[in-house]
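A short write-up of the structure that comes next.
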Amino acid sequence: MRPSEAALRLARDGYVVFPADPATRDWAHAARGEATRLAADPDLRAAWLRCAGTWFAGVDVLTNAPDGSVGGVPLAGPALDMLGAFGLAPTRWHAGQVSIVYPGYPQPKEGESPGAGRYRVQRDAAHVDGLLPEGQGKRILREPHAFVLGLPLTDSAAEAAPLVVWSGSHRTMGPALARARADRREVSVSDLDLSKTYRDARRIVFDTCPRQPICARPGEAVLLHRHLLHGIGPWTAPPEPAGRAVAYFRPQLDDPEAWFARDAAWSAAEPAAP
């Protein structure tokens, strides 16, 4: 897939699945071995097991090098080519997330309200990354990600808690959040409560955007627009003790204000917002 084609798909749908590539598969193989070791570590299990042991969240636990490599195996492939072509590849990769979902997901998450538990079951805990819930129902941009890159580490069944996206939802969520920011320029980003705008836009998305499970396999890569609504579907497949493992990278933008803006790299190809 050419970088220009990938950019068009990202602009249109808010996500793109890159076909399997040997370099990406080699990286996934190296990262899987490391992920297996990390997920068995008692201290990390105590820190990161969620939802009655059905999800190892593993935020920033992957021991990749600053160039993204794991055990000397480079982070490479079509997804990285596209990011490089559009100037989006970070100069330094943060420690990746190791997300492993196990049979039985979803179970209630410790400390979440009954309403949040129902939302996890009924709506796959759909969310936009970086907009974090805080006290008194607020939702504030705390992590202005440039994009979300998912690299599958296991070859799991399609019904084994897949990544779920709402296709095209970035074209509803992004403009709504940008308008909310423009209407309250006197408030700093760190104090800007986006909860109502977020809920209202999310409701529109559920009514207008198709829910799309994504079952990618090692060697493939999934790139998500930072404003795309996404979540994790239920595990309805036969049990797989190793679970579904995915490594995620979410590099942050230097300027939080840039998170609200359209992407200059492919804005000309982006369809008009609804």
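With respect to residue 80, determine if the residue is assigned to a helix (DSSP H, G or I), open to solvent by less than 60 Å² (accessible area, probe 1.4 Å), among the hydrophobic types (A, V, I, L, M, F, W, C) and farther than 24 Å from residue 217 by Cβ. Spelling it out, it is not the case that residue 80 is assigned to a helix (DSSP H, G or I), open to solvent by less than 60 Å² (accessible area, probe 1.4 Å), among the hydrophobic types (A, V, I, L, M, F, W, C) and farther than 24 Å from residue 217 by Cβ. Scanning region 147-185 for residues that are among the polar types (S, T, N, Q) and under 30 Å from residue 237 (Cβ atoms) yields 154, 156, 167, 169. Taking each residue of region 1-16 that is under 11 Å from residue 223 (Cα atoms) and looking for partners that are among the basic types (Lys, Arg) and in a helix (DSSP H, G or I) with beta-carbon atoms closer than 6 Å, six or more apart or interchain, yields 16/9.
When 60, 26 are checked against the criterion of being under 15 Å from residue 151 (Cα atoms), in contact (Cβ under 8 Å) with a residue 12 or more places away in the chain, assigned to a loop (DSSP other than H, G, I, E, B) and open to solvent by 40 Å² or more (accessible area, probe 1.4 Å), a single residue qualifies: 60.
Here residue 20 fits the description: at pLDDT 95 or above and more than 23 Å from residue 94 (Cβ to Cβ). Consider region 114-139 and keep the residues that are within 21 Å of residue 252 (Cα to Cα) and open to solvent by less than 10 Å² (accessible area, probe 1.4 Å). The one that is nearest to the chain's Cα centre (by Cα) is 128. Restricting attention to region 1-19, the residues that are surrounded by 17 or more Cβ atoms within 10 Å (Cβ to Cβ) and not in a helix (DSSP H, G or I) add up to 5. Note on region 67-77: residues that are assigned to a loop (DSSP other than H, G, I, E, B) and either modelled with pLDDT under 95 or open to solvent by less than 60 Å² (accessible area, probe 1.4 Å) (or both) total 5. Filter region 205-258 down to the residues that are of a type in the set (A, V, I, L, M, F, W, C) and open to solvent by 30 Å² or more (accessible area, probe 1.4 Å) and list them by number. Listed by number, the residues that qualify are 206, 215, 232, 242, 253, 258. Every listed requirement among (1) open to solvent by 10 Å² or more (accessible area, probe 1.4 Å); (2) under 17 Å from the mean Cα position of the chain (by Cα); (3) modelled with pLDDT of 95 or more; (4) within 24 Å of residue 38 (Cβ to Cβ) is met by residue 202 save one, (4). Selection of region 31-57 for residues being over 19 Å from residue 218 (Cβ atoms) and outside any loop (DSSP other than H, G, I, E, B) yields 40, 42, 43, 44, 45, 46, 47, 48, 49, 50, 55. For residue 182, the conditions (1) buried (at least 16 other Cβ atoms within 10 Å of the Cβ); (2) out of contact with any Lys or Arg (no Cβ under 8 Å at 6 or more places or on another chain) all hold with the exception of (1). Look at residue 189 and say whether it is open to solvent by 10 Å² or more (accessible area, probe 1.4 Å), more than 30 Å from residue 70 (Cβ to Cβ), aliphatic (A, V, I, L, M) and modelled with pLDDT of 95 or more. Yes; evaluated as a whole, the condition is true for this residue. Being modelled with pLDDT under 95, part of a helix (DSSP H, G or I), open to solvent by 10 Å² or more (accessible area, probe 1.4 Å) and farther than 22 Å from residue 122 by Cα is a property that residue 272 lacks.
The values are calculated or read from the model by the stated rules, or taken from the named source; none is laboratory data. Just so it is clear, the structure is predicted and the values come from calculations on it, not from any experiment. For neighbour counting, all protein chains shown are included, and Cβ atoms are generated from backbone atoms with ideal geometry for every residue, glycine included. Heavy atoms of the whole protein, side chains included, go into the accessibility calculation; ligands, DNA and RNA do not. Shrake-Rupley method; radii C 1.70, N 1.55, O 1.52, S 1.80 Å.
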